[in-house]
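Taken together, the values in this text are just the output of simple stated rules run on the coordinates, not laboratory data. What you see is a predicted model, and the numbers here were worked out from it, not measured in a lab. No Cβ is skipped: glycine too gets one built from the backbone with ideal geometry, and neighbour counts run over all protein chains shown.
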Amino acid sequence: MKVHLRAAVCGRLPAHRPFLALMAATALLTVGCATGSTPGATSGPGATGSAPSQAASGADAPTGSITLYTSVTQPTVDAILEGYKARAPGVTVEVFRAPTGELASRIAADLRTGKIGADVLWPTDPLSIGGYADKGLLRKWQPTEAATIADAYHTDTYWGTRFLNMVMIRGKGVTPGPLAWKDLTDPAYKDAVGIPDPAFAGSALGALAYFAEADCLGMDFYKALKANGAVQVKSPVEVTTGVAEGRFKAGMTIDQSAREAIKKGAPIELVWPSDGAIAIYTPIGVVEASANPSAAESLVEFILSEPGQKAIGSVGFQPIRDGAGGPPPDGKQVAPDWSVALGRQADILAEYQAIFGD
C-alpha cells in the first residue's frame, strides 16, 4: 500500500507546518497467549538492539491478567479477543474501551495517581500515543510479527495495526457530488455538511493534522467549512447517520462506517476524494510499568500476526499487513508527516477549536 506523506494538494509538497456519545465499557475475557510466527526483525526507528519478544522467542506461555485500554470499535475488540482466546486460555484480559478524548482523560487521571492502569494501549491514531512514548511510558521491544510493517507505521515502542481512511460521503441523489475535499466548502452544501470533532474522535484528529499542513487547504479549509455552515458532531459514525437521515447532504467520515451503512441499506454514497483519502494508522504499544509484560507482548504479537490481521479485516477495516483481507483502498491515500504533527497536535487542535468552538 502506498500512502503519500504530506501529499501535494495543489501540485507541490507543503511546508513542515504542521477525544461522549459512546460510553466507556469494560469487559472481562479469558484469553490465551499468542506466539510470533514470522521471523525477522523490525527495521524501523530504534529497532536495532531492541530486546526480542519473550512471547515470540519460545519462552513459556504467559499467564495471569492484563488490562487493555483502547478506543477501537467494539466489533474489532471482540474479533481480536476471540482469536486470542483460541490461541491459549491462559491470560485474562480486562478491557476499558472509550472514545479517544475519554480514553485520554482516563490515562491522565491514572498518571495523577502514579502510573497508567493499563498494560497495553491501543488508541485510534498515532497522535494519541506518541506523547506517552516521548515520556518514556511505553516499553521498548521488538515484536517478531512486526517484520512486515513499513517503517512509516511504527517506532520502537508502538506499531500500526490497521488503517482508517477518512473519506467523504453524500446522500443518494445529491448533485453535484463533491469530488475533492475542498468541494465540501461549495455553496451547494451550505448548512448541510457534517464533520467529526477532533477533540472526541482520533480519526478526526488525524484528519486535522493532515489538513493543517496541506497546501491549498490548511486551517483555511476549516474556516471555509465554518463560513459555509458546516456542522460539527461528535464522531464519524454520527456524520454517516446524519447524511443517511438527510440532515446533511455530505460529510466527512471513515470508509468502514460508510461501507457498513451502505451494506445495511442506507441511502448514501461513499466518495473517495480525488486528492486522496486520509490514511490514519492505528498503533498499539505495551506500557513500560506493566506488571505482566510477557502477556501484554503476547497480545500485541497476536494482533500483528496474520490471524489477528485477518480478524481486523473481517470487521471491515484495512489491515496494516498486505494480504490479510479487508477492503482495499478505492484510490489514492495521503497522510500527514506524523512526526511533525505529533509535536503540534495541541496547537492545531486549539486553532481548530477557535474556529468551531467547544
Per principal axis, descending, Cα span of the stretch 264-358 in whole Å
45, 37, 25
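Around Val91, under 15 Å between beta carbons, what's the net of Lys plus Arg minus Asp minus Glu among the other residues?
Working: positive: Lys85, Arg87; negative: Asp60, Glu82, Glu94, Asp119, Glu297, Glu301.
Spelling it out: positives minus negatives among the neighbours equals -4.
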Which lysines, if any, have their Cα less than 30 Å from the Cα of Lys135, not counting same-chain residues under 8 positions apart?
Lys115, Lys234
Under the 7 Å Cα-to-Cβ spin-label approximation, Glu306 and Glu82 lie apart by a distance in nanometres of 2.1
Centre separation in Å (Cα based) which lies between the stretch 93-120 and the stretch 210-259
28
Answer with one residue from Pro178, Asn165, Tyr132: the one whose Cα lies farthest towards the positive end of the charge dipole of the stretch 104-198, charges on Cβ with Lys, Arg +1 and Asp, Glu -1.
Tyr132
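Once you have the Cα-Cα distance between Ala291 and Asp215, take 0.36 nm times their residue separation minus that, and quote the gain in nm to one decimal. All intermediate terms of the calculation are to be shown ahead of the outcome.
Values: separation 76, 0.36 × 76 = 27.36 nm, distance 4.59 nm.
Contour length minus Cα-Cα distance gives 22.8 nm.
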With contacts defined as alpha carbon pairs under 8 Å and 6 or more residues apart, what's the relative contact order of the stretch 234-333 in percent?
21
Please list, ordered by chain and number, the residues whose modelled amide H lies under 5 Å from the amide H of Ile254; skip anything fewer than 5 residues away on the same chain.
Val167
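Of Lys172/Lys263; Lys172/Lys264; Lys140/Lys310; Lys85/Lys310; Lys182/Lys249, which pairs sit farther than 22 Å apart, going by alpha carbon to alpha carbon?
Details: Lys172/Lys263 14 Å; Lys172/Lys264 14 Å; Lys140/Lys310 26 Å; Lys85/Lys310 15 Å; Lys182/Lys249 15 Å.
Check vs 22 Å cut-off fails for Lys140/Lys310.
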In range of the label at Glu351: residues from the stretch 193-217 whose backbone nitrogen is under 16 Å from the point 7 Å along Cα→Cβ:
198-199, 205-217
Sequence order, the stretch 295-300: Karplus ³J(HN,Hα) from phi using 6.51 cos²θ - 1.76 cosθ + 1.60, θ = phi - 60°, Hz rounded, Gly and Pro as x, gives 5, 4, 5, 5, 5, 4
Here the convex hull volume per residue of the stretch 136-272, taken over Cα atoms and given in Å³, is 132
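Over the stretch 185-236, what per residue volume does the convex hull of the Cα atoms give, in whole Å³? Please report the intermediate quantities before stating the final value.
Working: hull volume 3.4 nm³, N = 52.
Dividing the Cα hull volume of the stretch 185-236 by its residues yields 65 Å³.
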In whole Å, largest first, the alpha carbons of the stretch 315-358 cover along the principal axes 41, 23, 19
Compute the FRET efficiency between Arg247 and Gln74 as 1/(1 + (r/R0)^6), taking r as their Cβ-Cβ distance and R0 = 22 Å, and round to the nearest 0.05.
0.35
Label points 7 Å out from Cα along the Cβ direction at Lys190 and Ser274: separation in nm?
2.4
Once Thr175 and Lys332 are pulled to full extension, the length gained, defined as 0.36 nm per residue separation minus their Cα-Cα distance, is 54.2 nm
